[in-house]
1. Among the numbered conditions (1) touching a residue at least 40 places away in the same chain (Cβ under 8 Å); (2) among the aliphatic types (A, V, I, L, M); (3) part of a strand (DSSP E or B), tell me where residue 238 comes up short.
2. Can you tell which of 16, 103, 61 is open to solvent by less than 30 Å² (accessible area, probe 1.4 Å) and under 28 Å from the mean Cα position of the chain (by Cα)?
3. From the list 268, 251, 278, which one is under 30 Å from residue 176 (Cα atoms), part of a strand (DSSP E or B), open to solvent by less than 10 Å² (accessible area, probe 1.4 Å) and not basic (Lys, Arg)?
4. Checking residue 234 against (1) open to solvent by 20 Å² or more (accessible area, probe 1.4 Å); (2) at pLDDT 95 or above; (3) not small (Gly, Ala, Ser), which single condition isn't satisfied?
5. Condition (residue is of a type in the set (Gly, Ala, Ser), part of a helix (DSSP H, G or I) and open to solvent by less than 50 Å² (accessible area, probe 1.4 Å)) applied to the range 175-184: is it met by at least one residue?
6. Quick check, is residue 163 out of contact with any strand residue (DSSP E or B) (no Cβ under 9 Å at 6 or more places or on another chain), open to solvent by less than 60 Å² (accessible area, probe 1.4 Å) and either assigned to a helix (DSSP H, G or I) or closer than 22 Å to residue 300 by Cα (or both)?
7. Among the residues of the range 37-51, are any in contact with a Cys (Cβ under 7 Å, 6 or more places away or on another chain) and open to solvent by 20 Å² or more (accessible area, probe 1.4 Å)?
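The values are calculated or read from the model by the stated rules, or taken from the named source; none is laboratory data. Predicted model, so just to flag it, every value in this text is computed and none were measured. Quick reminder, even Gly has a Cβ in these numbers, built from the backbone with ideal geometry, and neighbours come from all protein chains shown. Surface accessibility is based on the protein's heavy atoms, side chains included, excluding ligands, DNA and RNA. Shrake-Rupley method; radii C 1.70, N 1.55, O 1.52, S 1.80 Å.
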Amino acid sequence: MSDQVIRIGLCGFGVVGQGVFNHLKRRKEALGEQLGARLEVTRIAVRDTSKSRDFEFDPSVLTTDALSIASDPEIDVLCELMGGTDKALAVTLTALKAGKTVVTANKALLCDHGAEVFDAAREGGGHVLFEASVAGGIPVIKAIKEGLVVNRFSSIYGILNGTCNYILTRMTNEGGSYQDILREAKELGYAEADESLDVDGIDTAHKAVVLAYLAFGRWVPYSDLLVEGIAAVTQDDISYARENGYAIKLLAVIDLAHASGKLYISVLPTLVSKRYALGSVDGVFNAVSIHGDVVGETVYIGPGAGRDATASAVIADVVDAAKLIGKKDCGGFIDPAPKGGHLIELAEPEEIMSRYYVRLQVLDEPGVMAEVASLLAEHQVSLASVTQKEVAEGAKDASLIMTTHFTSERALLEAVKSLEKCDRVQGKPFSMPISTFED
Ligand code: NAP
Ligand code: HSE
């Protein structure tokens, strides 16, 4: 092996950082042979240097000053594995301005500050590599940037959050409690430090914004996305899905809406047919379906969260970063913007058509069904089916499950708002699209 050493600074030594450290050490010889250079972690930043860690390491490499690693001329590649968007941004920009290549798993940072981060990379002459930011261990960024480079994309559908898919799968298979399963997902290292990012759909939306940028060349502001998480999903919804050949998935849809050429992005719990590949992707696994005009549909499935899966993606980027050292104009980041050729417009909710599932808790009294149907009709929402579960003796309200014919997202959202205001509807109605992309 050559004597060349590539010095890596790890900013963050938690679930992912320690995974990267461990596997770089385990595969040191093999990676060194492939690269003709040794990969050495020479500095590590954490918040608390006294915390016990899962792997043995030289404590002299620790610091609480992540910025000092970003500006350290001895560091060749900086891995930003801290999370958050404040310190992480400062560290990333400092390293890029110093001409380093930054490897990041931080989708929140890219969603909020992607344009600034990539500009800094171009100006500094380094690169930003972000395979671990979307779909954990699945090399989907590389697939879009490299393997599918000749394609123009029409849609990407993704199960992009391991925590949510793990929770929904276990609620479906075991009927377990949402809170207990979420606690386990945290213990397994799947969830974000702030788990509301996972269960409220925010993390999936961050990833959808990154994929949309890669495929369509536009950083869509988070505020332009329709985002719902999984907290309102109940066992009634899961039973409906099971009985009708569906699974409930938190699905990111990144789509050129109905040939209008406008871009639509949403993150919503969705009824996905079990006949479609994504309907059978369970547990912590993620799946991404990509439609390209040359290749057709390709589907990528693999573990979407957790220490080892994420470390696999980060290390792939570290190896690419090592190969890119000193190269300014190739390989690491291919700007996708020219693919779109123009700033793609965003679709309006009235341009998005789907079938929907709607669940309501209503007072169990005469005339309720007629009132609900009439409210929906006022918004041009046409019912395809209505089911009321048998009401227990003495119970005052009943669960009503309806599906609609094709209707616009705008009409559905307005209809649900009206239902919410209706005195005989108890609590918030729950709705989700019924996917038809497999048809
Ligand atoms: P984590 O376990 O909470 O680890 C975060 C690490 O960053 C900790 O070592 C923490 O130090 C350190 N840190 C935080 N703020 C810091 C600061 N201001 N200065 C110095 N060190 C700081 O988080 P994680 O799960 O590894 O996630 C890290 C990143 O990877 C996030 O962007 C996350 O979204 C992304 N990601 C995670 C996964 C996953 O499955 N977990 C998968 C893909 C991407 P202490 O240890 O001292 O607290
Ligand atoms: N919390 C994220 C998830 C980590 O569960 O998918 C991977 O990005």
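1. Going through the list (1) touching a residue at least 40 places away in the same chain (Cβ under 8 Å); (2) among the aliphatic types (A, V, I, L, M); (3) part of a strand (DSSP E or B), residue 238 breaks only (3).
2. Numbers: 16 fails: open to solvent by less than 30 Å² (accessible area, probe 1.4 Å); 61 fails: under 28 Å from the mean Cα position of the chain (by Cα).
Selected residue: 103, the only one of 16, 103, 61 that is open to solvent by less than 30 Å² (accessible area, probe 1.4 Å) and under 28 Å from the mean Cα position of the chain (by Cα).
3. 251
4. Answer for residue 234: the failing condition is (2).
5. No: zero hits.
6. On the way: out of contact with any strand residue (DSSP E or B) (no Cβ under 9 Å at 6 or more places or on another chain): yes; open to solvent by less than 60 Å² (accessible area, probe 1.4 Å): yes; either assigned to a helix (DSSP H, G or I) or closer than 22 Å to residue 300 by Cα (or both): yes.
Here the answer is yes, as residue 163 does meet what is asked.
7. Initially, the range 37-51 is screened for residues in contact with a Cys (Cβ under 7 Å, 6 or more places away or on another chain), giving 45.
Among the residues that remain, those that are also open to solvent by 20 Å² or more (accessible area, probe 1.4 Å) are: none.
No.
A quick yes/no check of all residues on (1) more than 16 Å from ligand 2 (Cβ to nearest atom); (2) charged (D, E, K, R); (3) under 27 Å from residue 293 (Cβ atoms):
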site	(1), (2), (3)
104	no, no, no
113	yes, no, no
143	yes, no, yes
148	yes, no, yes
154	yes, no, yes
161	no, no, no
205	no, no, yes
